[in-house]
1. Within region 112-133, track down each residue that is in contact (Cβ under 8 Å) with a residue 40 or more places away in the chain, out of contact with any Asp or Glu (no Cβ under 7 Å at 6 or more places or on another chain) and not in a strand (DSSP E or B).
2. Given the criterion assigned to a loop (DSSP other than H, G, I, E, B) and either out of contact with any helix residue (DSSP H, G or I) (no Cβ under 8 Å at 6 or more places or on another chain) or without any contact (Cβ under 8 Å) to a residue 40 or more places away in the chain (or both), identify the matching residue among S142, S165, S182.
3. All but one of (1) loosely packed, with under 14 Cβ neighbours inside 10 Å; (2) touching a residue at least 40 places away in the same chain (Cβ under 8 Å); (3) not small (G, A, S) hold for R610; which doesn't?
4. Go over the candidates V81, V36 one by one and state the one that is modelled with pLDDT of 50 or more and assigned to a helix (DSSP H, G or I).
5. Cβ-Cβ distance below 8 Å, separation of 6 or more or different chains: which pairs start in region 237-252 with a residue that is at positive phi and end on one that is not hydroxyl-bearing (S, T, Y)?
6. Only one of (1) more than 28 Å from L25 (Cβ to Cβ); (2) at pLDDT below 90; (3) surrounded by 15 or more Cβ atoms within 10 Å (Cβ to Cβ) fails for Y737. Which number is that?
7. Have a look at Q327, Q314, Q318 and point out the one that is in a loop (DSSP other than H, G, I, E, B) and modelled with pLDDT under 75.
8. Any residue in region 699-720 that is part of a loop (DSSP other than H, G, I, E, B) sitting within a Cβ distance under 7 Å of a residue that is among the small types (G, A, S) and crowded, with 21+ Cβ neighbours inside 10 Å? List the pairs, counting only those 6 or more apart or interchain.
Amino acid sequence: MTAQPSNKSKNTTQPTQEIDLMALLGALLDRKYFIVGITALFMFVGVVYAVLSTPIYQATAMIQVENGSASVPGFDDVGGVFESTSAAVTEIELLKSRSIIGEAVDTLKLDITAEPKLFPFIGNRIYRNFTPMSEGDLAEPSFGAGSYAWGGESINIFRFDVPRSAINKEFTLVAQNNNSVSLLNDDGEEILAGKVGEELTNGKFNLTVRELNAHAGTEFIITRKDRLNTILNLQKEISAEEEVKSSGIIKLSLENKDPTFAEKVLDKVAAIYVRRNVERNSAEAQKSLEFLEVQLPEIKKQLEYAEQRFNNYQIKQQSINISLETQGVLEQVVKLETKLQELNLKRLELGRKFKKNHPTYQGMLEQIEAVNKQKKELVSKVGNLPETQQELLRLKRDVEVSNQIYTLLLRKTQELDIVRAGTVGNVRVIDHAEVNTSKPVKPKKTLIVIVITFLGGLFSVIVVLIQKAINRGVEDPAEIESLGIPVYASVPHSDHQDKLTGFAKTRKNKAAKAKTILALDNPADLSIEALRSLRTSLHFAMMEAKNNIIAISGPSPGVGKSFISVNLASVLAQSGKKVLIIDADMRKGYLQTQFDLMWDDGLSDYLSGRLNLAQVTKTTKVEGLNVITRGQIPPNPSELLMHSNFSKLVEEVSAAYDIVIIDTPPILAVTDPAIVSAHTGTTLLVARFGQNHLREIELTRNRFEQNGIDIKGLVFNGVVKKASNAYGYYGYYNYEYK
């Protein structure tokens, strides 16, 4: 009989792997209610989260960056010196610089946060959904929780200074009667108290609440944040990008739960940026103007001094006039001096932009040197004139040159002042910040529900597969037969079986099991049909056995040995056999409960010699079926079984009955089954569907073989109809015939 199962195992190797693939899907179908339940739970959580989550709004603004700054008509030559160009990428970095963001933080006091204390979970939604009928309306507190804000509460803090150690710590501000407030620390101690609008201070803390609208007792959470971290966080939150490459159009965006806050911050940042851009473009004109304003008083003093010397000399020489020849030389010298002063001014401007070895700066020095050379040649001609004319020429030249220079600087000053005032910068705000409050950008409620539902389904599937991987209980008889152990019968699970084997869930069922035998209560049950098949198999299996005694054991408790023993004995008795069933589990045997008998006067009493066979043999309500219960619980069950009285018992019952069934304890727990099986002709194992591992069954077989006992076969008990085994070879469910 062992050869046939082995061949079958070899022939079914490939189908077994196909069944394993189907079993994977079948395991999911078996737990479909669990998967659906967990997925539904996740979906419910997703819906609740989507409904209660705070909406996030996005404020957007648009700025244009032009290629160059505009110039004042008529002053292109002057304004051109101060023009600058800026790429959009550079302007984006300037826009998000700590300098600009920091000014916005300081101006709007963004490092001070004050938010009303909201009721957990649902408070935020209730607060948002409150619609005031008129300005200043407040929602009435719910659930008697007056310390929470329920709608309409607002606060405006103008100043909140704290010690360095209290930065980023939360403080509680409580609204009081008569437009008063009190500030509490995290221990509930009062730090400050006073009226709204007044400056409250204690030397370490300074607080000024400009506006407050709340019921008395309402609490607000206020925090003074670290300025640098506030700036860095705002830098991350503000998004700036060029709409189209090389277009010069920069789109700004800021997301926040408060749309008014997002608009205010974005507009302030844009305004500061535009102002800084104008200041940057007019910076050079401002510096040149400051330089000229310093030089003008000095030149004016030089002019006045030159005029005074010239007038004094004329008076002294009795109004000597310059000759025509001297006048011509004077005009040329004045022109050269004026040009020389202009070149020196340009040299000073270039000196602020370039190093002295720069070609542009060197070219300016060469021009100055050429003009000086012309001046020297012209002045040398004056040496031929009379001394009086020479002195008069020098004095007149100083007056004319000083006058020309003063006029030039005065004109330059006016031009630069006009350029500075007319500078508009090369950036401008196209669209001011605005928020579409009807369409928050976050959360994406539909997407959230879909994703969380998907995660729930994925989680439940993973749990099922992990449980499937962890629970390696045998569910396919082919796996058992691959060990060389024939499977004589696969006994389906039934509700009546629960009552008999102790798997019932209620006290009512537990009470019923003690008085019910499935073969009597429901003879048409699928489990009984399987046992009738086992009866037929045993008829042929026992033909070569040394006696008519069957030992039934198993790897572990709870596999259903007693159920198989009792119902197999009942089926055999119903077929006209004279049957005896013995409870050889003298430790925990409960076979007596199946027949509504007492456990006393049983096997242990016979083996100890206290009673004889007739005294321990009890009749049952099944005709032709007798039973020997376990008896008193002995301290040495194994030693009693090894006593000669047990051999004597086997000989007596073998001769007196057609079939004797001995229900033994689990072989992996105690050695009693090996002792009993040594006296029997047939040994059967019982394994439970999904409970016993293949390795466990193999160890059970090995334990018997070590004691020289051959296992005839195995009964696969408690088979459950699953999608994962719907294609298995045990088809009682598929072929039920009524």
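1. Just the residues of region 112-133 that are in contact (Cβ under 8 Å) with a residue 40 or more places away in the chain, to begin with: 112-117, 121-122, 124-125, 128.
If we keep only those that are out of contact with any Asp or Glu (no Cβ under 7 Å at 6 or more places or on another chain) as well, we get 112-115, 121-122, 124-125, 128.
Scanning region 112-133 gives F121, I122, N124, R125, R128.
2. Details: S165 fails: assigned to a loop (DSSP other than H, G, I, E, B); S182 fails: assigned to a loop (DSSP other than H, G, I, E, B).
The match here is S142.
3. (2)
4. Selected residue: V36, the only one of V81, V36 that is modelled with pLDDT of 50 or more and assigned to a helix (DSSP H, G or I).
5. As it stands, the answer is S246/A88; G248/Q64; G248/V65; G248/E66; G248/N67; G248/A88; G248/E242, since those pairs meet every condition given.
6. Among (1) more than 28 Å from L25 (Cβ to Cβ); (2) at pLDDT below 90; (3) surrounded by 15 or more Cβ atoms within 10 Å (Cβ to Cβ), Y737 violates only (3).
7. From the options Q327, Q314, Q318, the qualifying one is Q318.
8. From residues that are part of a loop (DSSP other than H, G, I, E, B), the pairs are N707/A674; I709/A674; I709/S677.
The values are calculated or read from the model by the stated rules, or taken from the named source; none is laboratory data. Please read all numbers here as calculations on a predicted model, not as lab measurements. As a convention, Cβ positions derive from the backbone with ideal geometry for all residues, glycine included, and neighbour counts pool all protein chains shown.
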